[in-house]
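Trainee: Submitted below is the structure of interest, expressed as structure tokens.
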Amino acid sequence: MTFELDRRNLLQMLGLAAISGAVLARASFTYAADTDSVSIGWPSDVPSWDPNQRFVPDAQPIFKLVFDQPLDQSPDLKLIPNLITKWDLATDGLSMPFEIRNDVKFHNGDPMTMEDFSYTFVDRIKSGLKLDIANSWRNLTAIEVTSPTSGIMKFSAPTPTAPQWLAFLGSYLVPKKYMESVGQDGFLKKPVGTGPYKLVDYQMNSRIVLQRNDEYFGAKPKIKNVTIEIIKDPSARTAAIQSGQIDLTVNIPVREAERLGKVEGLTAEINPFTRIILLQIRNDMGFADENVRLAAHHAIDKAALSKAFYGGAAVPLSVPATPGTPGFVEGYSFKYDPALSKELLAKSGFSADKPATITLAATNGQFPSDFDIARALVQMWGKVGIKCEIQQIEYSKYFELNRGGKLPEATLYSFDNATGDPEIFSGYLLNPKMPFGAWKGMEIGQKVLNLFAEPVYDKRVAGYRDLAKEAVETGATIPLLQSVQTLVRKKNLAYAKYGNAWILGNTMSWS
């Protein structure tokens, strides 16, 4: 018997009620007379104003307004020049000559130099500071300066994804002279970057106010002032965009986005992007048994989850990679089969009367319908013989628990990969030497470590495709859906749509 649910039935099964449109008063909009300002409702704050310190994906669109990465990405995610104008990774992956711009200034007026590159990517890491950037640049031993605008990155081991990392997460250039003069604490109070905006006011967990950098080396933003309102609760973001208090927001429930798209003066979008909704799995505790892990996976009706919570827009996934990226395995499918789940559990002595017990950690409002999905999973697992308790956690708490090895058996998470490269999907999820995933088993882990040193692109990608299937078939990871970003904005506010869901104030304009 197939387990098919439409949205209404699934919500009823979970005891949920859709928020009525009558809860929020219908807003009437007057288009902004001040086309020099925009207000964005964002679900989380930056973890720190040191952009090398913490990897928090949802902070990246904020960091990118104040700081610059050496390379950038186009909306279709191709690597493009930025602070670095030319680069050429050696075939053995052990070095990469590069050239930089000579017309870039930090917000305090200091010119950008090769010393800032060595300081950011070598000296800061060797200093012993606790920086997440140290994980991505662990192989970088030196930057040899060959001229005022050219240098050579040298690696202790093949680093085939060096160009991708120059455009990803914490790889933001910081100013050597300024940081050494004011110290870490001084920089956190008054951060200085080279980006298109300057930070002019910051109220933690409340508001970030940015002002255009009129000396920016790149395209000048059309909007002078960007205010980012930190609104963690999705219902509050919904109310704020409907009332006109903000001009754009993201990550509200799909049903609310669909409703608001019908409100005069607003438009709504549901955009799939390069992020995966998945279950991060431990290889111990209640999930030490492979039968239990696989039973949990076979019991999940991913199509029903997509239909119920994302209007069918979220693509069900069988491997930890999104369609169109190099590591995606075309034609491979991990089947939904609750009968098989019961058989696997029975092999290990579990049943509906004697269930396996696990805990599931989940955020509530960090990405659309996250807690709704968690409750649906508990119901699906209960039907086959897995008893699950939900542990609700804050987004910031997730990182603390993950780095400390204290996540429960399963964690519902939206794993970001703005580059689309398979190393940053399977590689970082399953690398036992890094703090990004919960799985620490060396059966899979050693294969990941081997692939990290494979410099031949085609061999590396093929290896990650094979690894992704093996990881799924041993229960080391449970991919669910391609993430979607819900976005609601005022109709006369335009922005550039990126395949990785970056929402960048410097691409916005009023019509």
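The values are calculated or read from the model by the stated rules, or taken from the named source; none is laboratory data. Bear in mind that the values here come from a model prediction, so they are computed numbers and not experimental data. Ideal geometry is used to build each Cβ from the backbone, glycine not excepted, and the neighbour counts take in all protein chains shown. In case anyone asks, the SASA skips ligands and DNA or RNA and just uses the protein heavy atoms, side chains included. Shrake-Rupley method; radii C 1.70, N 1.55, O 1.52, S 1.80 Å.
Trainee: For the chain, report the accessible area per residue in Å² (1.4 Å probe, heavy atoms, rounded to an integer).
Mentor: Counting only protein heavy atoms, the per-residue value for the chain is 39 Å².
Trainee: Just name one of F350, L377, P338: the one whose Cα is farthest towards the positive end of the charge dipole of segment 335-387 (beta-carbon charges, Lys/Arg +1, Asp/Glu -1).
Mentor: F350
Trainee: Give me Rg/Rg_expected for the chain, where Rg uses Cα atoms only and Rg_expected = 2.2 N^0.38 Å with N residues.
Mentor: 0.99
Trainee: Of all DSSP beta bridges in the chain, what percent run antiparallel (nearest 5)?
Mentor: Here the share of antiparallel DSSP bridges comes out near 75 percent.
Trainee: Give me the net charge of I393's neighbourhood, meaning all other residues with Cβ under 11 Å from the Cβ of I393; Lys, Arg count +1, Asp, Glu -1.
Mentor: -1
Trainee: Could you tell me how far the Cα centroid of segment 265-297 sits from the Cα centroid of segment 392-438, in Å?
Mentor: Here the answer is 11 Å between Cα centres.
Trainee: Here is a further query. For an R0 of 22 angstrom, estimate the FRET efficiency from the Cβ-Cβ distance between E258 and Q379 and round to the nearest 0.05.
Mentor: 0.40
Trainee: Okay, moving on. For segment 309-319, just list the computed ³J(HN,Hα) in residue order, Karplus coefficients 6.51, -1.76 and 1.60, θ = phi - 60°, integers in Hz, with x standing in for Gly and Pro.
Mentor: Whole-Hz 3J(HN,Hα) from phi for segment 309-319: 10, 10, x, x, 7, 8, 6, x, 10, 10, 10.
Trainee: What's the carbon and sulfur percent of the chain's accessible surface, probe 1.4 angstrom, rounded to a whole number?
Mentor: Accessible surface attributable to carbon and sulfur in the chain totals 49 percent.
Trainee: Show the residues, 5+ positions off or on another chain, whose built amide H is closer than 5 Å to the amide H of S44.
Mentor: I231
Trainee: Less than 10 Å Cβ to Cβ from Y172, Lys/Arg counted +1 and Asp/Glu -1: what total charge do the surrounding residues give?
Mentor: Local charge sum for Y172: -1.
Trainee: Using θ = phi - 60° and the Karplus form 6.51 cos²θ - 1.76 cosθ + 1.60, what ³J(HN,Hα) does each residue of segment 403-411 get, whole Hz, x for Gly and Pro?
Mentor: These are the phi-based 3J(HN,Hα) values: 5, x, x, 10, 5, x, 3, 9, 9 Hz.
Trainee: Which far-off residues, 5 or more places away or on another chain, put their amide H under 5 Å from the one on R207, with H placed in the peptide plane?
Mentor: I230
Trainee: Please report, in debye to the nearest 20, how large the charge dipole of the chain is about its Cα centre when each Lys and Arg carries +1 at its beta carbon and each Asp and Glu carries -1 there.
Mentor: 680
Trainee: Return the lysines within reach of K189: Cα separation strictly under 28 angstrom, same-chain partners fewer than 8 residues apart disregarded; answer none if there are no such residues.
Mentor: K64, K105, K126, K130, K176, K177, K198, K220, K222, K224, K232, K397
Trainee: Whole-Hz ³J(HN,Hα) for each residue in segment 216-229, computed from phi via Karplus 6.51 cos²θ - 1.76 cosθ + 1.60 with θ = phi - 60°, x for glycine and proline: what do you get?
Mentor: Going residue by residue, I get 4, 6, x, 4, 6, x, 7, 9, 6, 10, 10, 10, 10, 8 Hz, with x marking Gly and Pro.
Trainee: Which whole-number percent gives the relative contact order of the chain, counting Cα pairs below 8 Å spaced six or more residues apart?
Mentor: Worked out over the chain, it gives 21 percent.
Trainee: Let me ask something else. Straight distance only, please: which aspartates and glutamates reach the Cα of K354 with their own Cα at less than 18 Å, same-chain residues fewer than 8 apart left out?
Mentor: D289, E290, E343, E389
Trainee: Considering amide H positions built from the backbone, and no H for Pro or chain starts, which residues 5 or more places from D72, or on another chain, come under 5 Å of its amide H?
Mentor: I80, N82
Trainee: Hey, another quick one. Summing Lys, Arg as +1 and Asp, Glu as -1, what charge do residues with Cβ under 11 Å from the Cβ of F425 carry, F425 excluded?
Mentor: -1
Trainee: Sort all Cα-Cα distances of segment 272-485 into consecutive 5 angstrom bins from zero, then give the percent of pairs in each bin up to the one containing the longest distance.
Mentor: P(r) over segment 272-485, rounded to whole percents: 1, 8, 16, 21, 21, 17, 10, 4, 1, 0, 0.
Trainee: Taking the Cα centre of each part, how many Å lie between segment 185-224 and segment 114-141?
Mentor: Centre-to-centre (Cα) distance: 23 Å.
Trainee: Something else: Check cross-link reach from K447 to the aspartates and glutamates: straight Cα distance under 13 Å, and skip same-chain residues fewer than eight apart.
Mentor: Counting by Cα, and skipping residues close in sequence, K447 has these aspartates and glutamates nearby: E423, D466, E470.
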